[in-house]
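Chemist: Below: one structure in C-alpha coordinates.
The values are calculated or read from the model by the stated rules, or taken from the named source; none is laboratory data. Only a predicted model underlies this, so the values are computations on that prediction, with no experimental measurement involved. Because the Cβ atoms are built from the backbone with ideal geometry, glycine has one as well, and the counts that use them run over all protein chains shown. In case anyone asks, the SASA skips ligands and DNA or RNA and just uses the protein heavy atoms, side chains included. Shrake-Rupley method; radii C 1.70, N 1.55, O 1.52, S 1.80 Å.
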Amino acid sequence: SHPHLTTWETNRRHQTRHGITRATLQHELARTAEVIAATIGRDPVPLWRAPYGEHNAEIRAWASELALTHVDWTRADRRSLDALDWVEDPRARNYLGAEAMARRLIEFEARSGVPLAGSIVLMHLGTTRSDAPLFEALPIFLDETDRRGLRPLPVGELLRRAGE
(Lines give C-alpha, C1' and ligand atoms only; values in the text may rest on other atoms or scores of the structure.)
Protein backbone atom coordinates (compact mmCIF):
# COMPACT_ATOMS: atom_id res chain seq x y z
CA SER A 1 0.00 0.00 0.00
CA HIS A 2 3.13 2.24 -0.05
CA PRO A 3 2.68 3.68 3.47
CA HIS A 4 4.80 6.34 5.10
CA LEU A 5 7.01 4.42 7.54
CA THR A 6 8.58 7.29 9.45
CA THR A 7 7.69 10.78 10.60
CA TRP A 8 9.90 12.41 7.95
CA GLU A 9 6.93 13.98 6.15
CA THR A 10 5.86 15.89 9.25
CA ASN A 11 9.04 16.60 11.25
CA ARG A 12 12.00 15.71 9.01
CA ARG A 13 12.98 12.90 11.39
CA HIS A 14 13.06 9.23 10.61
CA GLN A 15 11.27 8.09 13.73
CA THR A 16 9.07 5.05 13.19
CA ARG A 17 5.59 6.38 12.46
CA HIS A 18 2.76 5.61 14.91
CA GLY A 19 0.94 2.51 13.69
CA ILE A 20 3.95 1.10 11.86
CA THR A 21 4.86 -2.04 13.76
CA ARG A 22 7.03 -5.02 13.03
CA ALA A 23 3.90 -6.98 12.09
CA THR A 24 2.56 -4.18 9.87
CA LEU A 25 5.81 -3.79 7.95
CA GLN A 26 6.37 -7.52 7.57
CA HIS A 27 2.79 -7.98 6.34
CA GLU A 28 3.30 -5.22 3.75
CA LEU A 29 6.55 -6.78 2.56
CA ALA A 30 5.15 -10.32 2.44
CA ARG A 31 2.02 -9.19 0.60
CA THR A 32 4.11 -7.27 -1.91
CA ALA A 33 6.35 -10.31 -2.50
CA GLU A 34 3.25 -12.45 -3.09
CA VAL A 35 1.91 -10.01 -5.70
CA ILE A 36 5.28 -9.82 -7.45
CA ALA A 37 5.63 -13.62 -7.47
CA ALA A 38 2.12 -14.02 -8.89
CA THR A 39 2.93 -11.46 -11.57
CA ILE A 40 6.35 -12.73 -12.67
CA GLY A 41 5.88 -16.41 -11.93
CA ARG A 42 8.75 -16.74 -9.44
CA ASP A 43 9.84 -15.36 -6.10
CA PRO A 44 11.29 -11.84 -6.30
CA VAL A 45 14.88 -11.15 -5.34
CA PRO A 46 15.18 -10.43 -1.61
CA LEU A 47 15.61 -6.67 -1.95
CA TRP A 48 13.28 -3.84 -0.98
CA ARG A 49 13.13 -0.06 -1.02
CA ALA A 50 11.25 1.81 1.67
CA PRO A 51 8.36 3.90 0.34
CA TYR A 52 9.34 7.56 0.06
CA GLY A 53 12.84 6.58 1.18
CA GLU A 54 11.60 6.55 4.78
CA HIS A 55 13.49 4.03 6.90
CA ASN A 56 15.56 3.70 10.02
CA ALA A 57 17.57 0.97 11.77
CA GLU A 58 14.47 -0.50 13.43
CA ILE A 59 12.52 -0.74 10.18
CA ARG A 60 15.48 -2.23 8.30
CA ALA A 61 15.94 -4.79 11.10
CA TRP A 62 12.28 -5.86 10.82
CA ALA A 63 12.72 -6.36 7.07
CA SER A 64 16.00 -8.18 7.65
CA GLU A 65 14.10 -10.75 9.73
CA LEU A 66 12.43 -11.68 6.41
CA ALA A 67 15.90 -11.94 4.81
CA LEU A 68 15.31 -8.72 2.87
CA THR A 69 18.09 -6.25 2.16
CA HIS A 70 17.16 -2.58 1.93
CA VAL A 71 18.37 -0.78 -1.18
CA ASP A 72 18.15 2.99 -1.45
CA TRP A 73 18.76 5.21 -4.43
CA THR A 74 21.94 7.28 -4.70
CA ARG A 75 22.02 10.57 -2.84
CA ALA A 76 24.74 13.13 -2.28
CA ASP A 77 24.27 16.04 0.09
CA ARG A 78 21.00 17.62 -1.06
CA ARG A 79 21.10 16.00 -4.49
CA SER A 80 19.42 12.76 -5.41
CA LEU A 81 19.44 10.41 -8.39
CA ASP A 82 15.63 10.49 -8.40
CA ALA A 83 13.97 10.85 -11.81
CA LEU A 84 11.11 12.75 -10.13
CA ASP A 85 8.75 10.89 -12.46
CA TRP A 86 6.29 10.63 -9.55
CA VAL A 87 5.72 14.41 -9.26
CA GLU A 88 2.23 14.86 -10.69
CA ASP A 89 1.42 18.55 -10.20
CA PRO A 90 2.62 20.62 -13.20
CA ARG A 91 2.78 23.67 -10.91
CA ALA A 92 5.25 21.97 -8.56
CA ARG A 93 8.82 23.26 -8.57
CA ASN A 94 10.18 19.74 -9.12
CA TYR A 95 7.75 18.74 -11.89
CA LEU A 96 9.78 17.76 -14.96
CA GLY A 97 9.09 16.94 -18.56
CA ALA A 98 10.94 14.13 -20.30
CA GLU A 99 13.97 16.13 -21.50
CA ALA A 100 14.45 17.88 -18.15
CA MET A 101 14.11 14.53 -16.39
CA ALA A 102 16.80 12.97 -18.57
CA ARG A 103 19.05 16.01 -18.11
CA ARG A 104 18.60 15.81 -14.31
CA LEU A 105 19.84 12.21 -14.30
CA ILE A 106 22.67 12.80 -16.78
CA GLU A 107 23.96 15.87 -14.91
CA PHE A 108 23.87 14.21 -11.49
CA GLU A 109 27.53 13.20 -11.67
CA ALA A 110 28.78 16.67 -12.63
CA ARG A 111 26.59 18.40 -10.03
CA SER A 112 27.19 16.03 -7.12
CA GLY A 113 30.68 14.66 -7.78
CA VAL A 114 29.27 11.13 -7.39
CA PRO A 115 29.92 8.90 -10.41
CA LEU A 116 26.98 7.45 -12.29
CA ALA A 117 28.91 4.17 -12.42
CA GLY A 118 27.65 2.13 -9.49
CA SER A 119 24.84 4.55 -8.68
CA ILE A 120 21.20 3.59 -8.26
CA VAL A 121 18.48 5.60 -10.01
CA LEU A 122 14.98 5.92 -8.56
CA MET A 123 12.31 5.43 -11.24
CA HIS A 124 8.72 4.27 -11.08
CA LEU A 125 6.95 1.96 -13.52
CA GLY A 126 3.59 3.41 -12.63
CA THR A 127 2.57 6.81 -11.33
CA THR A 128 -0.59 8.86 -11.27
CA ARG A 129 0.75 11.30 -13.87
CA SER A 130 -1.42 11.61 -16.95
CA ASP A 131 1.65 11.56 -19.18
CA ALA A 132 4.55 9.12 -19.02
CA PRO A 133 7.73 11.22 -19.30
CA LEU A 134 9.97 8.42 -18.07
CA PHE A 135 9.29 6.44 -21.24
CA GLU A 136 10.77 9.34 -23.22
CA ALA A 137 13.49 10.25 -20.70
CA LEU A 138 14.85 6.76 -20.24
CA PRO A 139 16.12 6.26 -23.82
CA ILE A 140 17.85 9.66 -23.68
CA PHE A 141 19.51 8.73 -20.38
CA LEU A 142 20.48 5.25 -21.57
CA ASP A 143 21.95 6.59 -24.82
CA GLU A 144 24.13 8.97 -22.81
CA THR A 145 25.27 6.32 -20.32
CA ASP A 146 26.03 4.00 -23.23
CA ARG A 147 28.09 6.77 -24.85
CA ARG A 148 30.05 6.98 -21.58
CA GLY A 149 30.66 3.25 -21.61
CA LEU A 150 28.26 2.50 -18.77
CA ARG A 151 25.82 -0.38 -18.76
CA PRO A 152 22.70 -0.60 -16.59
CA LEU A 153 22.56 -3.55 -14.20
CA PRO A 154 19.87 -4.96 -11.96
CA VAL A 155 20.44 -3.88 -8.37
CA GLY A 156 21.14 -7.46 -7.29
CA GLU A 157 23.98 -7.73 -9.80
CA LEU A 158 25.34 -4.33 -8.73
CA LEU A 159 25.39 -5.48 -5.09
CA ARG A 160 26.99 -8.81 -6.01
CA ARG A 161 29.77 -6.99 -7.87
CA ALA A 162 30.26 -4.53 -5.01
CA GLY A 163 30.81 -7.49 -2.69
CA GLU A 164 33.56 -8.98 -4.85
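Chemist: If you check residue 42 against the conditions, is it over 29 Å from residue 107 (Cα atoms), out of contact with any Lys or Arg (no Cβ under 6 Å at 6 or more places or on another chain) and not in a helix (DSSP H, G or I)?
Modeler: Against the criterion (over 29 Å from residue 107 (Cα atoms), out of contact with any Lys or Arg (no Cβ under 6 Å at 6 or more places or on another chain) and not in a helix (DSSP H, G or I)), residue 42 qualifies.
Chemist: A follow-up question, please. Filter the range 40-91 for residues that are out of contact with any strand residue (DSSP E or B) (no Cβ under 8 Å at 6 or more places or on another chain) and basic (Lys, Arg); which is modelled with the lowest pLDDT?
Modeler: Per the criteria, the residue is 78.
Chemist: Could you grab me the full set of residues in the range 74-106 that are closer than 21 Å to residue 153 by Cβ, open to solvent by 30 Å² or more (accessible area, probe 1.4 Å) and in a loop (DSSP other than H, G, I, E, B)?
Modeler: Scanning the range 74-106 gives no hits.
Chemist: Now for a different question. I need every pair where a residue in the range 115-130 that is closer than 23 Å to residue 160 by Cα has its Cβ under 9 Å from the Cβ of a residue that is outside any loop (DSSP other than H, G, I, E, B) and aromatic (Phe, Trp, Tyr), sequence separation at least 6 or different chains.
Modeler: Final answer for the pair search is 116/108; 119/108; 121/108; 121/141.
Chemist: Within the bounds of the range 33-53, is there any residue that is within 20 Å of residue 14 (Cα to Cα) and among the β-branched types (Val, Ile, Thr)?
Modeler: No; the residues of the range 33-53 include none that is within 20 Å of residue 14 (Cα to Cα) and among the β-branched types (Val, Ile, Thr).
Chemist: Please go through (1) outside any loop (DSSP other than H, G, I, E, B); (2) open to solvent by less than 70 Å² (accessible area, probe 1.4 Å); (3) at positive phi for residue 52 and return the number of the only condition it doesn't satisfy.
Modeler: All conditions are met except number (2).
Chemist: When residue 136 is evaluated against the numbered criteria (1) part of a loop (DSSP other than H, G, I, E, B); (2) touching a helix residue (DSSP H, G or I) at 6+ places or on another chain (Cβ under 6 Å); (3) open to solvent by 70 Å² or more (accessible area, probe 1.4 Å); (4) not hydrophobic (A, V, I, L, M, F, W, C), which criterion, by number, is the only one it fails?
Modeler: Residue 136 satisfies every listed condition except (1).
Chemist: Let me ask another. Is it fair to say residue 31 is in a helix (DSSP H, G or I) and loosely packed, with under 15 Cβ neighbours inside 10 Å? Working first, answer last.
Modeler: Numbers: in a helix (DSSP H, G or I): yes; loosely packed, with under 15 Cβ neighbours inside 10 Å: yes.
Judged against the criteria, residue 31 is a match.
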